[in-house]
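One structure is given here, and the rest of the page talks about it.
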């Protein structure tokens with residue numbers, strides 16, 4: 001071979017091989033973001049462990065965050081709140097005083113929104129509201145439907161999940177209180193799948209994202225979530241990267257009672273959203289996830305709600321073998337409730353830059 | 001002068017042995033920690049989607065090329081293949097450095113200890129090595145051809 005021809009050959013091959021790597025990169029990116037074959041991505045140092053405190057009980061949940069203060073409700077002491085600042089320096093116990101408490105509360109949920117708070121119990125059903133300045137709760141006199149999940153939207157309006165009276169199916173509803181009280185059920189939001197009973201297969205998590213004004217519902221037993229606007233119009237049905245499309249549950253009818261006939265396969269354990277980001281605690285191990293990390297931690301998948309793309313994942317470590325139950329995201333921190341611990345992580349790198357946009 | 005011509009003669013062999021060493025080492029250390037390797041390229045922003053395929057294709061190619069490098073008659077084309085593979089690795093590193101938000105490494109063994117710029121220099125070194133070796137083989141071949149032609153014309 002002549003030297004000249006060699007240079008030509010080597011030049012062309014070099015360009016070709018660089019082109020191949022470039023193509024691999026571009027197509028891999030596209031596959032990862034649009035039709036992810038369940039491959040998670042763990043950019044290093046997205047969250048950085050900072051500190052944790054022992055709350056003494058594992059029955060706490062996040063009631064809200066307002067003016068640098070984190071509020072924790074307690075399922076077993078429904079009228080108590082625990083207030084702690086984000087530096088974990090100052091904390092105090094709060095007792096909510098409902099004006100009438102002749103109800104036997106069974107599933108109380110407290111929500112703190114700026115300087116207001118709400119006290120819900122969907123099994124009574126009732127809604128109280130009040131101000132954080134005196135923590136006195138006043139009963140809202142309107143007729144309230146029974147509900148199993150609820151999220152406050154704008155002032156006086158709520159999104160909730162109820163069981164439709166005629167069918168018993170899980171149904172999303174919008175509740176308007178105040179001058180023109182109104183309640184309507186939106187049957188078309190939750191889709192029953194073939195063979196599903198509309199209760200177990202549509203079970204999931206409800207969230208209202210106040211920065212985008214969107215209602216989000218994530219199925220527990222299938223790899224999907226729904227984004228709807230605040231009027232309840234479905235905008236998107238998105239698949240998560242998890243692989244289970246059909247809820248894997250067996251339901252048995254015993255007399256009047258429906259029961260799970262076999263242990264179900266949960267796909268998602270928990271969901272929360274902040275700004276344009278959706279955080280999902282997944283119960284399924286990805287294709288190349290490390291076994292060791294999977295065993296000692298919960299895996300959080302982050303999605304962009306604006307273009308419904310999977311972004312990346314990170315780990316929240318278990319405590320004494322028990323996985324995280326709830327998570328709360330702010331601009332600078334992620335707080336997680338793990339068993340009896342309140343754990344604080346700093347937001348770094350990719351996550352920090354996402355939250356800055 | 002004699003030293004240089006000797007060096008010229010041995011250079012392609014030395015280059016081939018260095019490549020054999022590099023590829024066998026890299027392939028074996030990848031395969032020994034196969035699961036870890038697959039996890040790492042699954043993490044790689046560049047290749048995640050093809051991790052399953054590449055996890056065995058890359059070490060397989062390394063071993064095949066290392067094997068072919070043993071044969072002197074195939075030396076030119078096996079060095080050519082080694083050159084192409086190194087160019088691809090280098091392109092990969094270059095894209096990672098410039099377009100990726102985070103940088104996992106999956107080279108295997110001691111090569112993982114290199115930082116990314118050192119890696120880039122290391123790779124370019126091997127690219128240049130293969131390149132020079134190929135030129136030397138070609139010029140030797142051409143000289144031999146010229147020599148045999150003159151021999152023929154003389155007889």
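The values are calculated or read from the model by the stated rules, or taken from the named source; none is laboratory data. It should be emphasised that the depicted structure is a prediction, and the values quoted were computed from it without experimental measurement. Positions of Cβ are backbone-derived with ideal geometry, glycine not excepted, and every protein chain shown enters the neighbour counts.
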Set A:144, A:150: member being at negative phi, surrounded by 19 or more Cβ atoms within 10 Å (Cβ to Cβ) and at pLDDT below 95: A:144
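Residue-by-condition table, conditions (1) within 14 Å of another protein chain (Cβ to nearest Cβ); (2) surrounded by 18 or more Cβ atoms within 10 Å (Cβ to Cβ):
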residue: A:302; (1), (2): yes, yes
residue: A:320; (1), (2): no, no
residue: A:328; (1), (2): no, yes
residue: A:347; (1), (2): no, yes
Residue A:168 at pLDDT below 90 and either loosely packed, with under 13 Cβ neighbours inside 10 Å or under 27 Å from residue A:341 (Cβ atoms) (or both): yes
Test result for residue A:67, in contact with a strand residue (DSSP E or B) (Cβ under 8 Å, 6 or more places away or on another chain), loosely packed, with under 15 Cβ neighbours inside 10 Å and more than 10 Å from every other protein chain (Cβ to nearest Cβ): no
Complete set of residues in segment A:125-151 that are assigned to a loop (DSSP other than H, G, I, E, B), under 26 Å from residue A:272 (Cα atoms) and in contact with a strand residue (DSSP E or B) (Cβ under 8 Å, 6 or more places away or on another chain): A:132, A:135, A:144, A:145, A:146, A:147, A:148
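Residue-by-condition table, conditions (1) more than 18 Å from residue B:10 (Cα to Cα); (2) within 11 Å of another protein chain (Cβ to nearest Cβ):
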position: B:64; (1), (2): yes, no
position: B:67; (1), (2): yes, no
position: B:76; (1), (2): no, yes
position: B:90; (1), (2): yes, yes
position: B:93; (1), (2): yes, yes
position: B:96; (1), (2): yes, yes
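Suppose the filter is within 23 Å of residue A:299 (Cα to Cα), at pLDDT 85 or above and either surrounded by 15 or more Cβ atoms within 10 Å (Cβ to Cβ) or within 11 Å of chain B (Cβ to nearest Cβ) (or both); does residue A:7 pass it?
Numbers: within 23 Å of residue A:299 (Cα to Cα): no; at pLDDT 85 or above: yes; either surrounded by 15 or more Cβ atoms within 10 Å (Cβ to Cβ) or within 11 Å of chain B (Cβ to nearest Cβ) (or both): yes.
For residue A:7, the condition - within 23 Å of residue A:299 (Cα to Cα), at pLDDT 85 or above and either surrounded by 15 or more Cβ atoms within 10 Å (Cβ to Cβ) or within 11 Å of chain B (Cβ to nearest Cβ) (or both) - is not met.
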For residue A:26: the one exception among (1) away from chain B (no Cβ under 14 Å); (2) more than 16 Å from residue A:334 (Cβ to Cβ); (3) modelled with pLDDT under 95: (1)
Any hit, segment A:83-94, residues being over 23 Å from residue A:319 (Cβ atoms), away from every other protein chain (no Cβ under 14 Å) and in contact (Cβ under 8 Å) with a residue 40 or more places away in the chain: yes
Enumeration of residues in segment A:10-41 that are farther than 21 Å from residue B:47 by Cα and loosely packed, with under 13 Cβ neighbours inside 10 Å: A:11, A:12
Strands (runs of 3 or more DSSP E) wholly inside segment A:238-336 that include at least 1 residues being more than 27 Å from residue A:193 (Cβ to Cβ): A:268-274, A:277-282, A:297-304, A:309-317, A:324-329
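Restricting to segment A:66-87, name every residue that is outside any loop (DSSP other than H, G, I, E, B) and farther than 14 Å from residue A:115 by Cα.
A:72, A:73, A:74, A:80, A:81, A:82, A:84, A:85
For residue A:39, state whether it is within 14 Å of chain B (Cβ to nearest Cβ) and in a helix (DSSP H, G or I). Before the answer, list the steps.
Details: within 14 Å of chain B (Cβ to nearest Cβ): yes; in a helix (DSSP H, G or I): no.
Here the answer is no, as residue A:39 does not meet what is asked.
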Which numbered condition residue A:260 misses (of (1) more than 14 Å from chain B (Cβ to nearest Cβ); (2) in contact (Cβ under 8 Å) with a residue 40 or more places away in the chain; (3) surrounded by 14 or more Cβ atoms within 10 Å (Cβ to Cβ)): (3)
Residue count for segment A:289-300, restricted to those that are buried (at least 22 other Cβ atoms within 10 Å of the Cβ) and touching a helix residue (DSSP H, G or I) at 6+ places or on another chain (Cβ under 9 Å): 1
